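A.B. asks: Dropping the structure in here first, questions after.
Values quoted throughout were computed directly from the atomic coordinates according to the rules given, and no laboratory measurement underlies them. Because the structure is predicted, anything quoted here is derived from the model rather than measured. FYI the Cβ positions are ideal-geometry reconstructions off the backbone, even for glycines, and counts take in every protein chain you see.
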Amino acid sequence: SQKIEQNSEALNIQEGKTATLTCNYTNYSPAYLQWYRQDPGRGPVFLLLIRENEKEKRKERLKVTFDTTLKQSLFHITASQPADSATYLCALDMGQAGTALIFGKGTTLSVSS
Amino acid sequence: GAVVSQHPSWVICKSGTSVKIECRSLDFQATTMFWYRQFPKQSLMLMATSNEGSKATYEQGVEKDKFLINHASLTLSTLTVTSAHPEDSSFYICSASSGSGQPQHFGDGTRLSIL
């Protein structure tokens, strides 16, 4: 069966550390993988997109990797801050126009000072 | 960046009422918009895909007569929850896409509470 899983429901880390979030999928072949941030009571906000032929993408303190062999994406936040506390969603983009993203359940990150 | 405006942000109404939620893409033309429902601590559940000028495509288990979707222009899609009941209480979110391989832009959601 097809599945997308974000392995940790919750992740607690100390300020300044690197947070690493995992997204695994089964029986999908996405063309892209996207990461979003969602704060309580708000809609998701786009963070990063990585293509199937890209290994790594960076944006400021964020880094995403995409391993199509392992069927896994890792999302890293370096030098984490309390303001990074939120739920992070990974989403599969199958590369077909007009088709919805397939979202994982999310990992709720808490960064303590 | 692109902005999607969703209105209202919060609705409380009596059982049996119909509620309309609007989703507008403010600075780009969205041929496709998506409607999601989200329960606490759950992921986004796709309800339907809304294409401008054509009928919406509903996901399995979503009643099309209960959740009416209209996408009359490239910047506006509406979701009407007809004869709402307490079990329809949820967080409804819309998004707009400018195509595959592009970010989706989400509204800020509508918290619907049916008494």
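A.B. asks: Could you state the number of Å between the C-alpha centres of region A:1-26 and region B:101-115?
C.D. replies: So the separation of the two Cα centres works out to 23 Å.
A.B. asks: Sort B:99-110, A:51-62 by packing, meaning the average of other beta carbons within 10 Å per residue, with the highest value first.
C.D. replies: Packing order, densest peptide first, comes out as B:99-110, A:51-62.
A.B. asks: Please state, as a whole number in µm²/s, the translational diffusion coefficient that the Stokes-Einstein equation yields for chain A at 25 °C and 0.890 mPa s, with Rh defined as the Kirkwood radius across alpha carbon pairs.
C.D. replies: It comes out at roughly 174 µm²/s.
A.B. asks: Here's a follow-up. Give me a single rounded figure for A:23-31: the average over its residues of other chain Cβ atoms within 10 Å of their Cβ.
C.D. replies: 0
A.B. asks: Excluding same-chain pairs closer than 8 in sequence, count the lysine pairs in the protein assembly as shown whose Cα atoms lie under 13 Å apart.
C.D. replies: Here the count comes out as 7.
A.B. asks: A follow-up question, please. Per-residue mean of other chain beta-carbon atoms within 10 angstrom of the beta-carbon, peptide B:33-44?
C.D. replies: Average per residue, whole number: 4.
A.B. asks: Continuing with the same structure: Can you tell me the order of B:27-37, A:73-83, B:8-18 when each peptide is scored by its average per-residue count of other Cβ atoms within 10 angstrom, highest first?
C.D. replies: B:27-37, A:73-83, B:8-18
A.B. asks: Now for a separate question. Tell me, for chain B, which Cys residues have no other cysteine's C-beta sitting closer than 4.7 Å.
C.D. replies: Within chain B, the cysteines lacking a partner Cβ under 4.7 Å are B:C13.
A.B. asks: Right, here's the next one. Across the Cα atoms of chain B, what radius of gyration and what greatest pairwise Cα-Cα distance (Dmax) are found, in Å?
C.D. replies: 13.3, 41
A.B. asks: Please turn the phi angles of region B:103-108 into ³J(HN,Hα) values with the Karplus equation 6.51 cos²θ - 1.76 cosθ + 1.60 (θ = phi - 60°), one per residue in order, whole Hz, x for glycine and proline.
C.D. replies: x, 8, 10, 9, x, 8
A.B. asks: Where the centroid of each part is defined by its Cα atoms, how far is region A:77-99 from region B:32-59 in Å?
C.D. replies: Result: 19 Å between the Cα centres.
A.B. asks: Right, another one. For B:20-29, what's the mean count of beta carbons from other chains sitting within 10 Å of each residue's beta carbon?
C.D. replies: Whole-number average of other-chain Cβ neighbours for B:20-29 is 0.
A.B. asks: Quick check: convex hull of the Cα atoms in the protein assembly as shown, volume per residue, rounded to a whole Å³?
C.D. replies: In the protein assembly as shown, the Cα convex hull volume per residue is 121 Å³.
A.B. asks: Separation between the B:F28 and B:S100 pseudo-spin-labels, each 7 Å from Cα along Cα→Cβ, expressed in nm?
C.D. replies: For B:F28 paired with B:S100, the spin-label model returns 1.7 nm.
A.B. asks: Still on this structure, I have one more. What list of ³J(HN,Hα) values in whole Hz, one per residue of region A:84-100 in order, does the Karplus curve 6.51 cos²θ - 1.76 cosθ + 1.60 (θ = phi - 60°) give from phi, with Gly and Pro shown as x?
C.D. replies: 3J(HN,Hα) across region A:84-100, in whole Hz: 7, 4, 4, 9, 10, 10, 9, 9, 8, 10, 7, x, 10, 4, x, 9, 6.
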